[in-house]
Every structure is written in C-alpha cells, then in structure tokens.
Amino acid sequence: MTELWRDPTASTDARVADLMPRMTLREKVSQLSGIWWLDPEAGGMAPMLRETLGPQPDWDELIEDGLGQLTRTFGTGPLAPREGLELLAQRQRDVVAANRFGIPAQAHEECLTGLAVWGATIYPSPLCWAATFDPPLVERMAGQIAASMRDLGVHQGLAPVLDVVRDARWGRVEETLGEDPFLVGLVGSAYVRGLESGGVVATLKHFLSYSASRAARNLAPVSAGPRELADVFLPPFEMALRAGARSVMNSYTDIDGVPAAADPELFTTLLRDQLGFEGTVAADYFSVAFLESLHRVAGDLGEAARLALEAGIDIELPSPKAYDEPLRAAVTEGQVDEKVVDRALSRVLRQKCELGLLDPGWAPPEPADVDLDRPESRAVALEVAQRSVVLLANDGVLPLRDGVRVAVVGPRADTPQAMQGCYAFPMHVLVHHPEVEDGVVIRTVREALADTYDISYELGCPVLGGDDADLAAAAATAAAADVCVVVLGDQAGLFGRGTSGEGCDVPDLRLPGRQEELLGALLETGTPVVAVLLVGRPYDVSAFAPRLAGLVCGFFPGEEGAQAIADVLSGRVNPSGRLPVSFPDAGSTQPWTYLSPTLARLTDVSSVDPTPLYPFGHGLSYACATWVSVSGTSGSRWDTDGTTAVEVELANDADRDVSEVVQVYLHDPVSSVVRPVQQLIGAVRVDLAPGERARVRLDLHADLTSLTGRDLVRVVEPGAVELRVGASSEDIRGVVALDLVGSSRQVGHDRVLEPTVSLRSQ
C-alpha cells in the first residue's frame, strides 16, 4: 500500500502529517539546513566565509540523512548552463539516493538583478525598478527571471529586498526600492507576483528594519521604536506577503538589543500569528551562528540553534553549522524541545510538497544548453532601464543635437562594470575569476554614444585615486568638443571592495575619490557639461549642479543600461524616471528622507537645512503631460470606514509620447502622534500618445490614512486631511481637502494597503 505522504492527490497537510512521524531526529534536522559546496576559489565572496563554514566535510556524510536546501549550485562559480545542470542533477541524485525517503533538496539562488548565474540577463538594480514607478513592468521582468530559474531547476530566489532607506550612507541602498514604504511595497509586490507566478518561491529580505542601522553601518545595531517599525518598515512586507511570497529572511541586526534571528516577537508573534504567514523563514547566511560569534547572546552553537528555532527560523543557510550536531545534541540533552524542530520541519516539508518535491517520480531537469539571456529578456531589461533613467536637471542642451562633437570622459564612461550592482554575477562572483568573461554582452556609455555622435574620450580619473595629468587631459578633450558628457559614479563591490554595495558604507555623501575635482576641471573649460551618474545611492551634487548643462541619473541600469542612457541623451527616449530616493543638498552627512515631520525640516531652531536638492518623486522630461485638472469626486466628507476618490485629467499636447507619474500624498495637519508632513499613498504611471487625453482615478480607502497611535494600536483618526496630488513630493499640482468623519476606528493587518486605480483614455 502506498504511504499517504507519497500520494500527490492527498492534501499537503495530510502528507506532511503522515511523513513526519516516520523520521528520526537526524533525518528531521537534516531537512533544516542547506549546503554551500564551495570550490577552492569561492572564499572571497564574504568575510569569514571559510572561517564560519569551517573545512569542507565529506559530501556523502553531509547528505546521508537528507538535505533541506542546495545553496547556490549555479551562483558560486562561472558554470555554463549545461555544466551547472549536470552538477545540480548529480547532487540531487545523490541526495535522493542517500536518504530513506528519497526527498530531494530545494535549490535556491540569488536573483536581485536577475538570476545571479553566469550568462544570465543582468537586469537593472532595484533602485531602477522603483524609479520606473511601473509595477506591471517589474512584474513582467520578474516573470522572465522566474522562467530562467525554472529552466535550471531552481526552486527559490533570495529577493526582493524590502528594506526602506533611512540613511543613504548605508552601502546596500542600491539593493533597495527607495525611501518610501508605499513605493517599496508597491514595486516589491510586483516583483513577488512575477516570481511566484513562475513557480519560484520569493524570499522577502530583511525582516525587520535592517536598513535603520546606527550610522548606516552594515550589521550595526538598530534603534527603532515600535511605531517606526510598524509604520515604516513593516508595510512593504505586509504588501508583499499578500502578493504571495512564500519565504522570509531575517535581518542580521539587533533591535534594541535583541537580534532578529533570536526574536520570537518578530517571527512568531508578528509574522505568523498576526500576519498569518504560513511559508518558511530562512536564516540570512551565517546569522544563526552569528548569535554566538557576533551578537554574543548564545554561549555555544546548540544554544544559538535553540534561540533561532524558538524565534521561528526554520532553515539555517547557507550550510549546517548550528542546525546540525549542536542541535541534535541539544535536543538529546533536553535543552531544546523536539516540538520546535517539528514545527520548523512541518513548514519545510509543506513547501517541498507544494513544489512537487515529495511526488513519486520527481527528477531534476536534464542537462541542456539553456539560453539565459534571450532576446525577450534583453528587451525587458532595456525597457526597465529606459523608464528608470531620471533627468534631474536640464538647461536646454539635452537632448544632444545631431552632429555635435561630444567629449566622453569619466571613470564610468568606458567600463561595463558601471552598469552593475554588487549582486550582479560579474561583480559578485567573477571578480574572483578575472580570467572569465562576463557571459553577457554589456556595452559602455562610450560605445553606445559612438553609434550616434563623433566622440573623443579620456578617462579623467578612476572612481578612486587618479593623477593630475589625467585630469588635465580630460579637460583638454572637453575644451575641444561642443559638449562634454562626464560619466561619474560608484564601483559596486562587497565588504569594502567598492564604493557601493553590501558592506561598502560611507561616512558622507560626496562623490568618491577625485570625481568632484574632475568635474570642476571640466566646468572651467566653458564647454557645456552634462553629468551622468551611475550610482548605488544619491550623492550630494549641490556644489556643481547649478553649473551643469544637464544632470542624468541611471543608478545601476543593467546590461542594457548604456543603450538606455544613450537613448535618453540623444532624445530617442523621452526620460520619465522618478526618484525613489531624495538627492541631498549641502550638509549631506545628515540622515534624511522625505518622510520627515515638521521639526525634521528647515526650522528656526536648527542651523542645518535638510531640504533636498532633488526631492523624492522628482524627474524631468523633454516633453511633459499637461495637467488639465485635479479633483475629488466625493465632496469634502470621507468616512473613517469609507473611500474617497481623486481624479486627474492629463493631456499630451506634444508631438511625441509622454509619460507622467501621478503621485498622491497624504497630509495630516493634526494627529495624536507626530507624523511625516506628507506621505505617499498612491501612484500610477500614465503613458500618452501625441494628442491623447486620459483620466486616472484613484479610489482611496480611509485605511490608507491609518497610523500607529500612542497605545501602539493602528487606528484611523477623524479630522481634517489633505490629499496632495502632483508630479513629485514637492511639485504639487492640486490639493483635495477632506474631513475624515466618524469615530476613531481600529484597523489590523487586514486593512486596505493600496488604492484601486482605473485609467480611461479620451
């Protein structure tokens, strides 16, 4: 008779309940960790990698009782798809043969800027996704990523990052979706839908408040009160969980002295009991062991395992350290209740069952020559890049005229690395394999502009360092040209090997190295200078911005980024990106986001002016939509349990396509607790052909005005509010004044999180 757990027609819960009692403690624990099988040259990817993992144990011993996950089979070294598929298939066959139940491992990979595998499409960075303000496009991109993962037999992707930027000096800003929780949630949810609709488990990172570390230092402690946690850091996760994410990853940091990986209030009370999450919680790499070695809240690895399991961490990644012999010994000795092992195991097995890994006859995909950089993928990468480029300033020099002589200079002008963030495969892995080519075609800005213009080129200076002679040579080249395009920015890297990226935190927001000197020398020539920023964070460009002929920001726009930049500079593409992060003015060492209350803005009681140079939501175009009208449709009354609507009519009076991002901000003049002066609660991108008109309507539920009150209960409060509707947080085109009428109303995690949007062309 077939055992129930092998029957694919039975319910998931029934199958898991039938399987678990059959397993020994060793078999149970073996399902709760992954294995990162490192090649000899892989140790440079992260500090303490070899030290934390220890010597590579015998493969057969590791898998003899089963295995939970296979860590980065493709993403650790430069493997061609067929080679990687052969390796994955062999490892899966080994795992299946080794354990009594024939259960395969769940395979995961990084996928922050596309699948982090040699030869796979490198999409723009998450800051670019957010700059598009285009969730359907991001969802389409994620669907392409999921298709590549599915072709390789990968079940889980470690993305998206939902950390809300609080201090731009933090190195991982490039991995985020910006400084506004609504935008982070809106775009992050789209990515989740795309990945999950392709059958791949999306993993939300990093729960919770990782980006609020003190002094913007990686892994530093977090000082955040419960209201900031609830109103800033949590909403993106709430939105993404509703979108169907099946995995969550913990933050490395501690909040007020309690490490996230050891906090049951976060992962059991909040995530499970209140938010109703039923998927798996995966430990960020090494974070269970860090409870002993870095946080010092565990005396040994057995205690670290107990703390993490009791908190709700189901899977230890990347390899077994605490969830191995230390955990088994702790259970045997009565220090860990086997029930918490069973709790984690049930979640792991449930997910494997959903993925078909418990079904009879399961087999890994056969080795094949898979195209991971298909034309349709490159087309989507180009579209995301084009719609993410932000035109910050323009005195009329842009778009560049036909026939102009262009001097192209700068440290980011002639290198493919300028297009890639720290989690792109060449930057993350291939830096340890310099003899290996990138695996995809990545053009440079110099090459892309040379298709259209007569160009001359000089480096000027590298990202860091340089000499006076090179600065002078760049200035001479600029002086001989009609216009100079200087491409500045960051070198993405990891743990101090770059100016942006994980572990590449900075003390201030001045451009790295001698780049400001280079810019000053170019401006002195009298030639109009257009600066292109390819950066992982916003920088203080206030010292030179007023003297520039134009300023363009591309963040890290991926393998098609140079083409997108050239398309915008030439005018083939009408720029339409909008800033997901504010660009600071002078005084950039002051942490600031637009989510600031009155006393965090310019006041008479402080000498520091935090007003941004370019505000959240800002972005210019060569041709813009005409704002015809902004109106409310429901009168001035807004019931505290009801909806109101805002309508915006737009027209395109230009002779080319235009795109506008309608942004709706809530202003609450009087509240029971201090609130931001304004906060985004709705946004929609509207594309218009020449002569086209459209009316966009946003139906907004009163839940979108809710706040966490003094008693830490979320409520909708009655009173006067304003809906400020505009093209950026500072470019407001209309105000709808409303009175929230009714009693104060408590709301929970089932509240409405997004407006309903409808668009009608005319």
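Residue count for the stretch 644-700 satisfying the condition of being hydroxyl-bearing (Ser, Thr, Tyr) and not in a strand (DSSP E or B): 2.
Does residue 489 fit the bill of being touching a Lys or Arg at 6+ places or on another chain (Cβ under 9 Å) and of a type in the set (Gly, Ala, Ser)? Yes: the conditions hold for residue 489.
Taking the stated definitions as given, is residue 650 within 27 Å of residue 382 (Cα to Cα), buried (at least 21 other Cβ atoms within 10 Å of the Cβ) and not assigned by TED's automatic domain parsing to the domain that holds residue 561? So residue 650 fits the description; yes.
Screening 413, 424 for residues that are in the same structural domain as residue 513 (by TED's automatic domain parsing) and closer than 20 Å to residue 494 by Cβ leaves exactly one candidate, 424.
Taken over the stretch 701-718, residues that are more than 26 Å from residue 661 (Cα to Cα) and part of a strand (DSSP E or B) amount to 4. Restricting attention to the stretch 207-219, the residues being surrounded by 23 or more Cβ atoms within 10 Å (Cβ to Cβ) and either part of a strand (DSSP E or B) or free of Cβ contacts under 8 Å to residues at least 24 places away in the same chain (or both) number 2. Has the stretch 410-426 got at least one residue that is among the aliphatic types (A, V, I, L, M) and more than 24 Å from residue 550 (Cβ to Cβ)? Yes: the stretch 410-426 contains one or more residues that are among the aliphatic types (A, V, I, L, M) and more than 24 Å from residue 550 (Cβ to Cβ). When we screen 301, 307, 349, 358 for residues that are under 26 Å from residue 160 (Cβ atoms) and either in contact with a helix residue (DSSP H, G or I) (Cβ under 9 Å, 6 or more places away or on another chain) or crowded, with 21+ Cβ neighbours inside 10 Å (or both), the only hit is 349.
From the list 169, 193, the one residue that fits, being assigned to a helix (DSSP H, G or I) and of a type in the set (Lys, Arg), is 193.
Looking only at the stretch 341-363, decide whether some residue is part of a helix (DSSP H, G or I), over 31 Å from the mean Cα position of the chain (by Cα) and modelled with pLDDT of 95 or more. Taking every residue of the stretch 341-363 in turn, at least one turns out to be part of a helix (DSSP H, G or I), over 31 Å from the mean Cα position of the chain (by Cα) and modelled with pLDDT of 95 or more.
If only residues of the stretch 95-119 that are within 26 Å of the chain's Cα centre (by Cα) and among the polar types (S, T, N, Q) are counted, the one that is nearest to residue 130 (Cα to Cα) is 113. Residue 571: at positive phi and either modelled with pLDDT of 95 or more or β-branched (Val, Ile, Thr) (or both), yes or no? Yes; evaluated as a whole, the condition is true for this residue. Screening residue 635 with (1) assigned by TED's automatic domain parsing to the domain that holds residue 703; (2) touching a residue at least 40 places away in the same chain (Cβ under 8 Å) gives one miss only, at (2).
Taking the listed residues 520, 526, 496, the one that is without any contact (Cβ under 8 Å) to a residue 60 or more places away in the chain and part of a helix (DSSP H, G or I) is 520, with no other qualifying.
Would a scan of the stretch 588-601 turn up a residue that is part of a strand (DSSP E or B) and on the phi < 0 side of the Ramachandran plot? The answer is no, given that none of the residues of the stretch 588-601 is part of a strand (DSSP E or B) and on the phi < 0 side of the Ramachandran plot. When 754, 722, 730 are checked against the criterion of being in a strand (DSSP E or B) and acidic (Asp, Glu), 722 stands alone in meeting it. Total residues in the stretch 556-585 satisfying the condition of being within 23 Å of the chain's Cα centre (by Cα) and part of a loop (DSSP other than H, G, I, E, B): the figure is 14.
One line per residue, one yes/no per condition, for (1) modelled with pLDDT of 95 or more; (2) surrounded by 15 or more Cβ atoms within 10 Å (Cβ to Cβ):
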position: 14; (1), (2): yes, no
position: 19; (1), (2): yes, yes
position: 28; (1), (2): yes, yes
position: 31; (1), (2): yes, yes
position: 38; (1), (2): no, yes
position: 42; (1), (2): no, yes
position: 46; (1), (2): no, yes
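Number of residues in the stretch 719-759 that are within 19 Å of residue 663 (Cβ to Cβ) and not acidic (Asp, Glu) equals 22. Report, by residue number, each residue of the stretch 216-234 that is touching an Asp or Glu at 6+ places or on another chain (Cβ under 8 Å) and either more than 28 Å from residue 671 (Cα to Cα) or outside the structural domain of residue 114 (by TED's automatic domain parsing) (or both). Matches in the stretch 216-234: 216, 217, 218, 221. Scanning the stretch 649-677 for residues that are under 21 Å from residue 131 (Cβ atoms) and among the aliphatic types (A, V, I, L, M) gives 650, 658, 661, 662, 664.
Selection of the stretch 108-143 for residues being within 22 Å of residue 354 (Cβ to Cβ), surrounded by 24 or more Cβ atoms within 10 Å (Cβ to Cβ) and in contact with a helix residue (DSSP H, G or I) (Cβ under 8 Å, 6 or more places away or on another chain) yields 109, 111, 115, 142. The lone criterion from (1) over 31 Å from the mean Cα position of the chain (by Cα); (2) in the same structural domain as residue 683 (by TED's automatic domain parsing) left unmet by residue 645 is number (1).
One residue stands out in the stretch 380-418 among those that are among the basic types (Lys, Arg) and assigned to a loop (DSSP other than H, G, I, E, B): the one that is farthest from residue 468 (Cα to Cα), namely 401.
For residue 612, indicate whether it is under 26 Å from residue 412 (Cβ atoms), out of contact with any helix residue (DSSP H, G or I) (no Cβ under 6 Å at 6 or more places or on another chain) and surrounded by 21 or more Cβ atoms within 10 Å (Cβ to Cβ). For residue 612, the condition - under 26 Å from residue 412 (Cβ atoms), out of contact with any helix residue (DSSP H, G or I) (no Cβ under 6 Å at 6 or more places or on another chain) and surrounded by 21 or more Cβ atoms within 10 Å (Cβ to Cβ) - is met. Out of curiosity, is residue 680 under 31 Å from the mean Cα position of the chain (by Cα) and either surrounded by fewer than 16 Cβ atoms within 10 Å (Cβ to Cβ) or in the same structural domain as residue 178 (by TED's automatic domain parsing) (or both)? No, not satisfied. Being touching a residue at least 40 places away in the same chain (Cβ under 8 Å), in contact with a Gly (Cβ under 9 Å, 6 or more places away or on another chain), assigned by TED's automatic domain parsing to the domain that holds residue 513 and surrounded by fewer than 22 Cβ atoms within 10 Å (Cβ to Cβ): is that true of residue 466 here? The answer is yes for residue 466. Of the residues that make up the stretch 401-419, is at least one at pLDDT below 95, out of contact with any Leu (no Cβ under 7 Å at 6 or more places or on another chain), surrounded by fewer than 20 Cβ atoms within 10 Å (Cβ to Cβ) and farther than 29 Å from residue 138 by Cβ? Looking through the stretch 401-419, none of the residues is at pLDDT below 95, out of contact with any Leu (no Cβ under 7 Å at 6 or more places or on another chain), surrounded by fewer than 20 Cβ atoms within 10 Å (Cβ to Cβ) and farther than 29 Å from residue 138 by Cβ.
The values are calculated or read from the model by the stated rules, or taken from the named source; none is laboratory data. Treat the numbers as computed from the prediction; the structure is a model and nothing was measured. When we count neighbours, we look across all protein chains shown, and the Cβ atoms used for this are built from the backbone with ideal geometry, even at glycine.
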